[in-house]
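I'd like to ask some things about the structure below.
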Amino acid sequence: MKKLLILLLLITLTLFTPLFGQGSTDITQRPTSYWFSGNPDRDNAWNWMKEANNNIFGNIGTGKTFYVDSGVNIEGRGLTMDSAFNTLQEGIDVCVANRGDRIYIAQGYTQAGVLGTAAMCTVDCDGIQIIGLGQGSLTATFIHNFTSNTFVVTANNVDIHNLRLRPSISAVTVGMNVTGSYVNVNNCDFGYPETSTDEFAIALYVGTSTGVVVENNYFNAGAQAAVTGITFDEATGLIIRNNTMFGDCATAVINNALETSEYVLIEDNILWNGDTAALNGQPVIEVLASTVGISRRNYTACNVTAATAYVGTLLFNFDNFYTEEQGGAKTAMALAGIIGATTTHSVLLTTDD
């Protein structure tokens, strides 16, 4: 039996030789009595097999990989897509904190919110990655059927990539609620309501935390009665970068309403407050007078004065652009300096001339 295992191992190594060129195990030594003994230092056969598993199945680093598919035929232990868990929560629950585990969610995955259960799922395991597969309508989707349904992230050092959160009722309180630190939310969709009256009151909430990054996401509340796209409170080092945000927001597209935040960076976003019929008479960014941060290179469309599109006494604004006019090659106003309750600086207008 041992000879058969050795033969199979050698065949595997031969077939996948390119994968092992940078492996840490010395495969030049002859087989010894330690092979398949489980000795972590001397069992080269076992170490080779672990390297094969890491390279073939994608377990790069120290973590394990798990799979989730709501359409799996027979639910298993989540170790392959054919034996996937059928809910994301099951995948989260088997992860080990700070091991570097990752979860892949199959294209076409859908999960509907349940009455009486607020959390669509709770990401409460530190140091994991959640990666949705698929694009467009095949993006892994979480459907908020009830106003209390929310996607909860309490863990630290988490990466959430390529998910779609979709409202299926009016006034869903919060789409995603992040209170963990060093969470990265990227390439996710917040919107695509099932009917014209469905919306998130707040698409993404960032609570007491440090180092959260929100980047490359798409927010679209349409003409529905959204309050804001992103709300944050008591967040230190929050980065909101390179997001496209459309919505007829009653407060602001990005809002900080209750608790002072520090070292906030809002950059390279497209911020539209209004709908296709008309722009909204509210700012695109509104933060507390005590919140300190920088906004730069944001493109803004709303129907207020340029000096009130960005509200925040201690918000430093660099190279942001504002317009409330449609048509024309150059209608944007360039904002400079600090715009706040007590300070006003010049506004430059570029025209076609």
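To keep it simple, each residue is scored yes or no on (1) modelled with pLDDT under 95; (2) among the charged types (D, E, K, R); (3) surrounded by fewer than 22 Cβ atoms within 10 Å (Cβ to Cβ).
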residue	(1), (2), (3)
A221	yes, no, no
V227	yes, no, yes
T236	no, no, yes
N243	no, no, no
I254	no, no, no
A257	yes, no, yes
E262	no, yes, yes
E267	no, yes, yes
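Next question, about the same structure. Between residues in the stretch 255-273 that are assigned to a loop (DSSP other than H, G, I, E, B) and residues that are of a type in the set (K, R), which pairs lie under 9 Å by C-beta distance while being six or more apart or on different chains?
Close Cβ pairs satisfying both conditions: D268/R241; D268/R296; D268/R297; N269/R241; N269/R297.
Go through (1) closer than 20 Å to N243 by Cα; (2) assigned to a loop (DSSP other than H, G, I, E, B); (3) modelled with pLDDT of 90 or more one by one and return the number of the condition S290 breaks.
Here S290 clears every test but (1).
Out of the residues in the stretch 210-254 meeting the condition of being closer than 14 Å to C302 by Cα and assigned to a strand (DSSP E or B), tell me which one is farthest from the chain's Cα centre (by Cα).
G247
Within 21 Å of D268 (Cα to Cα), crowded, with 23+ Cβ neighbours inside 10 Å and not polar (S, T, N, Q), is that true of L163?
Numbers: within 21 Å of D268 (Cα to Cα): no; crowded, with 23+ Cβ neighbours inside 10 Å: yes; not polar (S, T, N, Q): yes.
No; evaluated as a whole, the condition is false for this residue.
In the stretch 223-241, which residue that is touching a strand residue (DSSP E or B) at 6+ places or on another chain (Cβ under 7 Å) and not β-branched (V, I, T) is farthest from T291 (Cα to Cα)?
If we filter the stretch 223-241 for residues that are touching a strand residue (DSSP E or B) at 6+ places or on another chain (Cβ under 7 Å), which is where we start, we get 226-232, 235-241.
Within this subset, residues satisfying the condition of being not β-branched (V, I, T) are 226, 229, 232, 235, 237-238, 241.
Values: A226: 23, G229: 18, F232: 11, A235: 10, G237: 11, L238: 12, R241: 18 Å.
So, considering only residues that are touching a strand residue (DSSP E or B) at 6+ places or on another chain (Cβ under 7 Å) and not β-branched (V, I, T), the one farthest from T291 (Cα to Cα) is A226.
If N149 satisfies every condition in (1) crowded, with 22+ Cβ neighbours inside 10 Å; (2) without any contact (Cβ under 8 Å) to a residue 40 or more places away in the chain; (3) under 15 Å from G247 (Cα atoms) but one, which is the exception?
All conditions are met except number (3).
The values are calculated or read from the model by the stated rules, or taken from the named source; none is laboratory data. No experiment lies behind these values; they were computed from the predicted model shown. Reconstructed Cβ throughout: ideal geometry from the backbone, glycine too, with neighbour counts over all protein chains shown.
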